[in-house]
Amino acid sequence: MVNNTAGQVITCKAAVAWGPGQPLVMEEILVDPPQKMEVRIKVLFTSICHTDLSAWKGENHSQRAYPRILGHEASGIVESVGEGVTDLKEGDHVIPIFNGECGECEYCRCERTNMCRDYGVNPMKKAMVADGGCRFRTKETGEPIFHFLNTSTFSEFTVIESACVVKVDPDFPLKKMAMLSCSVSTGVGAAWNTADVKAGSTVAIFGLGSVGLAVAAGARARGASKIIGVDINPAKFVKAQALGISDCINSKEHDTASHEEIKRLTGGGGVDYSFECTGNSAVLREAFLSTHLGWGLTVLLGVHPGPKMLPLHPMELFNGQQITASVFGGFKGKTHIPRFAEDCMHGAVNLEEFISQELPFEKINEAFQLLQGGESLRCLMHL
């Protein structure tokens, strides 16, 4: 197949955010060719994460930037590559990742972290590293359109730094691979890599969205004996139990705090591991208090938009409980995700279970409302 668009400006449809909380505008935009160490991708599938929802609402004022193309969970095919890109080529099946891996900086060379100095997750970043410019422009005036989380997938074509693009096996369905771009990798990785959940252990998960249920899938795969799910929306419990949750707690209905109910369900001691997936500091405290004295570990996964500090007294840590955070599940994207994709396709995690709805890209505002209303795990949009 001859590529007639390489090196050319592409006109395509994108869902553009023009202001906080305003409906995304489906419009034609201009997408420039990739520059040095960049890749232009034809996006085939994308979905909405709560991070997109928060950015769309403009909950963190310091991170606002408009016009902007949101979206960071997707899959597609490489349309063209820029100068210096050697590990990717036209036609490769790929997923974008918001937490990149250049493979060369001191962070990437360190086995103890999955952060990258230049291409790690950065919600403040709104342009490309190579020249500080944008690869998106409005069709009518040529006004720059800002990038988002290294990816900007709410567009038929996007330009991404090669450090934030992972090649996957072309035999793997791209529809399923999109789930590895954020939610499933983040949740399963938190259980496998960050917490290293052991067989026979007990787990509590606060927030039963896509990330929380991915934690459950990861804990189930590791052989956890009891997985307790906590949420304020009981409509999520049926799906949660299908994905491995053994006990569900509606925190709105209990007279006692969630951590007390969890301790009752675990014979008084608490769980070995808890995962906070809500971005709520009060919930984070409940998650911490639900863990066993002496060895309990709390993993923070929720994005906390406000300026609140950790809801803990330093002396509480002397009881032996620990707290840590997990970004992208501890996976080094380009190094680990291809193997994780293989594991999923061989049955370690059923990616199909995380797709709750499918819609055409033009109905993206409807997809946002489904997520905001708690009716969606992942609404997969076809471009």
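The values are calculated or read from the model by the stated rules, or taken from the named source; none is laboratory data. These numbers were taken from a predicted model, which means no experiment stands behind them. Here the Cβ positions follow ideal geometry from the backbone for every residue, glycine too, while neighbour counts run over all protein chains shown. Note: accessible area is taken over every heavy atom of the protein model, side chains too, but ligands, DNA and RNA are not part of it. Shrake-Rupley method; radii C 1.70, N 1.55, O 1.52, S 1.80 Å.
Its Cα gyration tensor gives region 163-267 an equivalent ellipsoid; the semi-axes, largest first and in whole Å, are 28, 15, 11.
Over region 266-309, consider all pairs of different Cα atoms and compute the Kirkwood hydrodynamic radius from their mean reciprocal separation; express it in Å, one decimal.
Details: mean 1/r = 0.0929 Å⁻¹.
About 10.8 Å, per the Kirkwood formula over Cα pairs.
An ellipsoid equivalent to region 1-154, defined through the eigenvalues of its Cα gyration tensor, has semi-axes of 23, 22, 14 Å when rounded to whole angstrom and sorted largest first. The percentage of C-alpha pairs in the chain whose separation is greater than 36 Å is 21%. For q = 0.17, 0.19, 0.21, 0.23 Å⁻¹, what log10 I(q)/I(0) does region 8-90 give under the Debye formula with an equal point scatterer on each alpha carbon and no solvent? Per q value, in the given order, log10 I(q)/I(0) is -0.81, -0.95, -1.06, -1.14.
Here the accessible area is traced with a 1.4 Å probe on the protein chains. For region 245-345, carbon and sulfur cover 55 percent of it. Accessible surface for the chain, divided over its residues, is 42 Å² per residue with a 1.4 Å probe. To the nearest 10, the accessible area of T335 is 80 Å² with a 1.4 Å probe. The C-alpha radius of gyration of region 168-215, expressed as a fraction of 2.2 N^0.38 Å, stands at 1.32.
Among the GluC sites (Glu not before Pro) in region 66-168, those placed in a DSSP loop whose Cβ has at most 13 other Cβ atoms within 10 Å are E83, E104, E106, E111, E140.
Taking each of K89/K363; K139/K363; K13/K332; K57/K226; K167/K226 in turn, the alpha-carbon distance tops 27 angstrom for K89/K363; K13/K332; K57/K226; K167/K226.
Under 13 Å of direct C-alpha separation, and excluding same-chain neighbours fewer than eight residues apart, K198 reaches these aspartates and glutamates: D272. When Rg and the Kirkwood radius Rh are both evaluated on Cα atoms of region 96-163, their ratio Rg/Rh stands at 1.04. Sparsely packed loop sites in region 274-383 (the trypsin sites (Lys or Arg not before Pro) outside DSSP H, G, I, E and B with at most 14 other Cβ atoms within 10 Å) comprise K308.
Go ahead and estimate [θ] at 222 nm for the chain from helices alone: -39,500 (n - 2.57) per DSSP H run with n ≥ 4, summed, over the residue count, rounded to 500.
Details: 9 runs with 76 residues, N = 383.
Computed mean residue ellipticity for the chain: -5500 deg cm²/dmol.
Percent of C-alpha pairs per 10 Å bin in region 98-236, short distances first: 10, 30, 32, 21, 7, 1, 0. Across region 279-354, Cα-Cα pairs farther apart than 18 Å form 56% of the total.
So if a site counts as exposed when it's one of the chymotrypsin sites (Phe, Trp or Tyr not before Pro), its DSSP state isn't H, G, I, E or B, and it has at most 16 other Cβ atoms within 10 Å, what's the longest stretch of the chain without one? The answer is 19-294. Note on K252: lysines with a C-alpha under 16 Å away, same-chain residues under 8 apart excluded, are K236. Reported to the nearest whole Å, the Cα centre-to-centre distance from region 89-158 to region 37-82 is 9.
Tell me the volume per residue, in Å³, of the convex hull enclosing the alpha carbons of region 143-193.
Spread over its residues, the Cα hull of region 143-193 gives 116 Å³ apiece.
For region 240-383, the Cα-based Rg and Dmax, in that order, read 18.1, 53 Å.
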